[in-house]
Every structure is written in C-alpha cells, then in structure tokens.
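Worksheet: one structure, shown below.
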Amino acid sequence: MTDSTTPSAPVEQENVSAEKETNTQTPKVRQGSRSGVALGAIAIALVIALGGGLYYHGHQWAASQQATIQQLQAQIDSLKTGQSKEDGQLLASQNEFTQQLKNTEKQIAEQNNKLDAQVSTLQELQNKVTTIASSDSKIWHLSEADFLVKMAARKLWIEQDAATAINMLKSADKSLSEFNDPSLSEVRQAIIQDINSISAVSQIDFDGIALRLNELSDQVMNLPSASTDWDNAPLDKSSTEVSGELKDWRQNLKNSWHSFMSEFITIRSRDVPANELTSPLLTPDQDTYLRENLRLKLLIAARAVSRHQSEIYQQSLDSVSTWVRAYFDPDHSSTKAFISQLDELSQQSINLDMPKELKSLSLLDTVTRKRTRDIAPPAPVSAPAQAPTTAPAPDAPRPSSNQEG
C-alpha cells in the first residue's frame, strides 16, 4: 500500500502548478470576451424584440384581414340572398305581366267579336230599313189603326165615352182601307162588329144631366123657406084699450101692462101640416148654410155624372130631396117643380152597359206585331268595355338593404 501511494505525490504537485498557471491566464481572456457577450446579448434582445414586434404586428394584421375577409364574405352571402329574392320577384312579375298580356289579348279578341256582331246587326238593320222604305206608308197606317183601336178601348172602358170610341174605330177602319190588302178583311170586319155593338148601347146624355143639376143648384136660392109661413092675424087690441075715465084707472093700468107685455114677447103659430110640426126653425145664418150645402150636394152629383160614380150620384140627390122636403114649403109651385126634377134625375142611370171586349183589339195587335216583326230593332247590345291601351308595368325590384349600404 505504501508503494502505491508514494509515486503519486509528484503528480499532484504538477497539477497544482498547472492550475495556478491557468488561473493566471484566465482573467485576461474573460476581460476580452465580456464585452462581446454583452453586445451579443443586446443583439439577441434586439432581434427577439424586433421579432416579437413583427410577430405581434403580423398577428394583428392577420386578425384584421381575417375579420375583413369574414365581413366581406357575409356581405357576399347577403348580396347573394338579396339577389335570389330579387330574381324571384322579377320572375313572379314577369309571370304576372305575361298573364295580364294574355288576358288583355283575350279581352281584345272578345271585344272584336262583339264589334263584329254589332257591325253585322247594323248591316241587317240597314238592309231592313232599305227593304221597308217602299212600304213605309203602309206600316205607318197599320200602326195608326192599332193606336186608334187602343184609344177607342180606353175611351170606352175608362171614360165610358161611346161616341168618341165609335169615331176612333171608324178612323181606324179608314186607315186600314187604304192598304187595299185582302188579308186585313178579317180585322176590318171585327172593327165593324165592334162599332155595331157599341152603337146598340143606349146612349145617355151625360152633359145634359150635368147641366140640369147645375140649373137646380141655381134655383136653390129662390126656394121659399117653410119657416116664414107665419099666421100673421092681428092681435085683439080691444082688451088693451085705455079709457078716458079717471075711475077706470085700475083697469087702465092693467090694460097698459098687458099691452106692454104683449109687445115685449110675441108668440105666433106656424101654418104647417101636422106631420111637419117637428121640423126645426132656421135662423138666417142656418138658412144660408142650408142653401149652400144643397148647392154643394148638387155640384157633387154633377161631378159624379162625368166620373160615372152612380153611388155618389144617388146619395147626393137623396140628401137634397130630404132637405128640401124638410126645410122648404112643399106646397109652393117652385118647390114642387124642384122636387119633380130631382125625382126624375134620381131615376136616371149614369152607368152604360158597355161591351166587355173589342174583337178588333186583339186581331189588329197580332197583325201589327207580325207585320213589324221583321223591322223591329234587335235587343240592345251593351257597349264593349274599353281595352287597356298599355299593359301595366311590372313592379320594379327594390334594392336590398346591403345594396343601399
């Protein structure tokens, strides 16, 4: 063991000397490289700072570009959506416009057909007018005869004017006689039969009856009133005479009193038949009212004659007859004549037994319709609706909100 450790001592001394030499040389080398290390560290720091700044700036720029790209992409998507909607609206407008054009063309075609029909109708009318130009007078005569027969029927049944109806039927027959048409002989024969049937009706002088009633209304003011027929015998005055003797003063006073009372209140008796004692006495005003009422009743009866109102006519005459017999002197000649005329007029009928129908009326109406059927104007055609001159323009597409922005 001692052998192994001994030889190593010189080696350790050599190492110690070498370390000392190294320690003496190292500070020189470190002093020269320390400044380079500092510069390198600064350079590295600058590089790191520059790289970090560049990296941060690039990251921010990339993020900004990404946001811009996303915004642009969203706008593009919105534009595409708006464009698709506008394309749909435009397509719908085009379809609607096309349908309107088709409807307009259809309406124009229909109106053209109506116009063609109207032109054809007008042409037919023109041809008919040209055709009947030569027979115009005959058609007018036929229409005139038909009008006269209808007016005769009106006069006969509404106004009961038989004379005027007969004259109108004769005028109608005269108009038909100018045709020289044998086919109208049946109509003319019917007119003659109607004239004979009306002529057979007993005629009543309505104007004469009305004139007689008006004359009676004027006579009412001259009728003697029954209330004026008094017993005007003089009163007995012998009993009321005053004597000239003074001793008769009592009797004279009594007679004077009776004379005064007899003049103050007068009672007289009416000389009338026993069956009329209950007839009331009339004051002057009542007498005037009575006469005016009588005249009014007679005028009402005269008016009922012209209107053929037999019930009103008879009631009015009955009222006049009753009042005259009750309030006027029945024994006076004027009253007797008045009542006699009233009774005669009361028996007069104001109704005519007119024919229920006119044979010529229906026959002539049928012939007139048949003759004028070919020249009668057709049923009026409604005016065609005005076709639209221009088709309605489709709705213009509205800009989307993205486009407006």
Item to check | Karplus (6.51, -1.76, 1.60) ³J(HN,Hα), θ = phi - 60°, over region 104-119, in Hz, Gly and Pro reported as x | outcome: 5, 4, 5, 5, 4, 5, 5, 5, 5, 5, 5, 4, 5, 5, 5, 4
Checklist entry - How much solvent-accessible surface does Ile69 expose, in Å² to the nearest 10, with a 1.4 Å probe and all protein chains in place? => result 90
Next on the checklist: On a 19 Å Cα-Cα criterion, which of the cross-link pairs Lys155/Lys297; Lys150/Lys170; Lys150/Lys356 come out too long?
Outcome noted: Lys155/Lys297
Item to check | Förster radius 35 Å - calculated FRET efficiency between Glu159 and Asp318, Cβ distance, rounded to 0.05 | outcome: 0.85
Checklist entry - What nm distance separates the two modelled labels at Asp353 and Ser143, each placed 7 Å from Cα along Cα→Cβ? => result 4.0
Item to check | Label-to-label distance, nm, for residues given as Ser183 and Ile42 (7 Å Cα→Cβ offset) | outcome: 14.2
Checklist entry - In terms of modelled amide H atoms, which long-range or inter-chain residues lie less than 5 Å from the amide H of Phe328? => result Ala226
Checklist outcome for this item: Ignoring ligands and nucleic acids, Glu105 exposes an accessible area, probe 1.4 Å, in Å² to the nearest 10, of 120
Checklist entry - Extension gain Asn196-Asn95, at 0.36 nm per residue separation less the Cα-Cα distance, in nm? => result 28.3 nm
Checklist entry - So how much slack lies between Ser310 and Arg250, counting 0.36 nm per residue of separation and subtracting their Cα-Cα distance, in nm? => result 14.3 nm
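The values are calculated or read from the model by the stated rules, or taken from the named source; none is laboratory data. This one's a predicted model, so the numbers in the text were calculated from it and none came from an experiment. No Cβ is skipped: glycine too gets one built from the backbone with ideal geometry, and neighbour counts run over all protein chains shown. Note: areas computed on protein heavy atoms with side chains; ligands, DNA, RNA excluded. Shrake-Rupley method; radii C 1.70, N 1.55, O 1.52, S 1.80 Å.
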